[in-house]
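**Q** Would you mind keeping the following structure in view while I ask a few things?
The values are calculated or read from the model by the stated rules, or taken from the named source; none is laboratory data. Remember, predicted model here, so these are calculated numbers, not experimental data. Positions of Cβ are backbone-derived with ideal geometry, glycine not excepted, and every protein chain shown enters the neighbour counts. Side chains included, ligands, DNA and RNA excluded: accessible areas come from the protein's heavy atoms. Shrake-Rupley method; radii C 1.70, N 1.55, O 1.52, S 1.80 Å.
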Amino acid sequence: MQNYVFVIDAERKPLNPISPARARELLTKQKAVVIRRYPFTIMLKAKIETPTLKPLTLKLDPGSKVTGIAILEGERVIWAANLEHRGQQIKSDLTKRLSIRRTRRSRKTRYRQPRFSNRSRRQGWLAPSLLHRFLSIETWVKRLCKYSPITEIVMELVKFDTQKMQAETIEGVQYQQGTLWGYQVREYLLEKWGRCCAYCNSSGVPLQIDHIKPKSKGGSDRISNLTLACERCNLAKGNKPVEDFLKKDSARLRKIRSMALQPLKDAAAVNSTRWALYSTLKALLPIKSSSGAQTKYNRLRFGLVKEHWIDASCTGDLNHIIFSTQQPLLIKASGWGKREMVTKNKYGFPVLNKEGNQALKTRSPVQYGFRTGDIVRANVPKGKHQGVHLGRVSVRESGAFDVTTPLGKLQSIRHKHCQPIHRKDGYSYSFHPMSTIVQ
Ligand SMILES: [Zn+2]
């Protein structure tokens, strides 16, 4: 089962995505044309006067390396993707540049005044690697909204929904193990108390939820009165007030008391990229935030494997889930190349050619109408590489291009045998092998 195909009408208005079989039918009957390869989008030749549109939900699970994206029609996942970021690449490039510039200070050159007092950061500044993550997600949300009638966004914003947790008191936590509420409380307590018994620090044993001030002595069910204890400590403590139980260990008593009162906020701060994303997307479409605990709860309840796009599908409130696709599009941010005019060696010096001159890159990035990074179909009539190949092109001034296909790199493919399929857009694309989604 593959991703659904995006459809737009003759006036470029988005219609509901259709199944690949239906799209194939429209294309063979010549009622539609392909206008975009990634994501696969077709355009109807006819104008649709009053289309009946089913509202779609876009779900996002922003991660540090990969962001999961899913489009749902009701409770059916019809399109999914994993968006791989290049934050680490950006960070290492900047560190490299920094170290090269820094060596300049110790070299025998004119004195350069250090520049630091004239640098201020504007409000809401994000580190370049984080900014990239934020911008690429925004790009893809806008792109998907252009090709499908998305009416709502759900994104994972926080680890725990602390507002809800603070507002409600928990009636009989022990009996709510199976519900989202009980699951969230338990996950939260595990995080807050460091996954070990609060009274003896033993970890790796089953932990029980313990009321610091016992219920029989008037202790509340609020989360600030709860901690985790191993079975032995829980039995030993029983109905005793915590002061009696920890009579001989006043240091631990003090620690537990201060930990218990710590605000929920500290354990679940919203990270800056997600927050920036949330406030930007809010301006585009109605948005709902969801918690990581809820995602995990849904995923475990439906017995699904851990994958970024599956996590994205599981965010928010769900009673049921159906997968109409099992093959997400893998989108990898590959950047737009470098602007430097000269290739540098690892010490930052220009690489010289045989004559001892700097080999300046003066040639145009566009050769014979192609750019490095375009995806092409190469139809080679004869020779070693005879046949039809689909892959990413690297242009050469000579007109003999390299084409990288999933099977390997083909060299010296003439430009006249290449036909562009998807113009370079800063991303490379592939498909996940068809995989099982159920555990
Ligand atoms: Zn214990």
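**Q** Among the numbered criteria (1) under 29 Å from MET1 (Cβ atoms); (2) among the β-branched types (Val, Ile, Thr); (3) surrounded by fewer than 19 Cβ atoms within 10 Å (Cβ to Cβ), which single criterion is violated by ILE78?
**A** The failed condition is (3).
**Q** Another question about this same structure. Those residues that are basic (Lys, Arg) and either in the same structural domain as SER290 (by TED's automatic domain parsing) or more than 16 Å from the ligand (Cβ to nearest atom) (or both), I need them from the stretch 193-233; list them, please.
**A** Selection gives LYS213, LYS215, LYS217, ARG222.
**Q** For the stretch 1-25, enumerate the residues that are assigned to a loop (DSSP other than H, G, I, E, B) and not hydrophobic (A, V, I, L, M, F, W, C).
**A** Within the stretch 1-25, GLN2, ASN3, TYR4, ASP9, GLU11, ARG12, LYS13, SER19 qualify.
**Q** For the stretch 378-422, please list each of the strands (runs of 3 or more DSSP E) lying entirely inside it that holds at least 1 residues being touching a His at 6+ places or on another chain (Cβ under 7 Å).
**A** The strands (runs of 3 or more DSSP E) meeting that bar are 400-405, 408-414.
**Q** I've got another one for you. Out of the residues in the stretch 299-326 meeting the condition of being touching a His at 6+ places or on another chain (Cβ under 9 Å) and either open to solvent by 30 Å² or more (accessible area, probe 1.4 Å) or among the β-branched types (Val, Ile, Thr) (or both), tell me which one is nearest to PHE431 (Cα to Cα).
**A** Looking at residues that are touching a His at 6+ places or on another chain (Cβ under 9 Å) and either open to solvent by 30 Å² or more (accessible area, probe 1.4 Å) or among the β-branched types (Val, Ile, Thr) (or both), I get GLN326.
**Q** What pairs come up if the first residue lies in the stretch 215-229 and is surrounded by 14 or more Cβ atoms within 10 Å (Cβ to Cβ), the second is of a type in the set (Asp, Glu), and their beta carbons are under 8 Å apart, counting only those six or more places apart or on different chains?
**A** As it stands, the answer is ASP221/GLU171; LEU226/ASP210; THR227/ASP210; LEU228/ASP210; ALA229/ASP210, since those pairs meet every condition given.
**Q** In the set LYS346, LYS332, which member is at pLDDT below 85 and within 30 Å of LEU131 (Cα to Cα)?
**A** Working: LYS332 fails: at pLDDT below 85.
Only one candidate qualifies: LYS346.
**Q** I would also like to ask the following. For the stretch 141-184, how many residues are modelled with pLDDT of 80 or more, hydroxyl-bearing (Ser, Thr, Tyr) and open to solvent by less than 50 Å² (accessible area, probe 1.4 Å)?
**A** 2
Conditions tested, residue by residue: (1) buried (at least 23 other Cβ atoms within 10 Å of the Cβ); (2) within 30 Å of PRO128 (Cβ to Cβ); (3) aromatic (Phe, Trp, Tyr).
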position: TYR4; (1), (2), (3): yes, no, yes
position: LEU27; (1), (2), (3): no, no, no
position: TYR38; (1), (2), (3): no, yes, yes
position: ALA46; (1), (2), (3): no, no, no
position: ASP61; (1), (2), (3): yes, yes, no
position: ILE69; (1), (2), (3): yes, yes, no
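**Q** Tell me yes or no: at least one residue of the stretch 58-71 is among the charged types (D, E, K, R) and free of Cβ contacts under 8 Å to residues at least 24 places away in the same chain.
**A** Taking every residue of the stretch 58-71 in turn, at least one turns out to be among the charged types (D, E, K, R) and free of Cβ contacts under 8 Å to residues at least 24 places away in the same chain.
**Q** Something else now. Tell me, please, whether a residue that is within 21 Å of THR151 (Cα to Cα), at pLDDT 90 or above and not in a loop (DSSP other than H, G, I, E, B) can be found in the stretch 296-309.
**A** Looking for residues that are within 21 Å of THR151 (Cα to Cα), at pLDDT 90 or above and not in a loop (DSSP other than H, G, I, E, B), one finds at least one in the stretch 296-309, hence yes.
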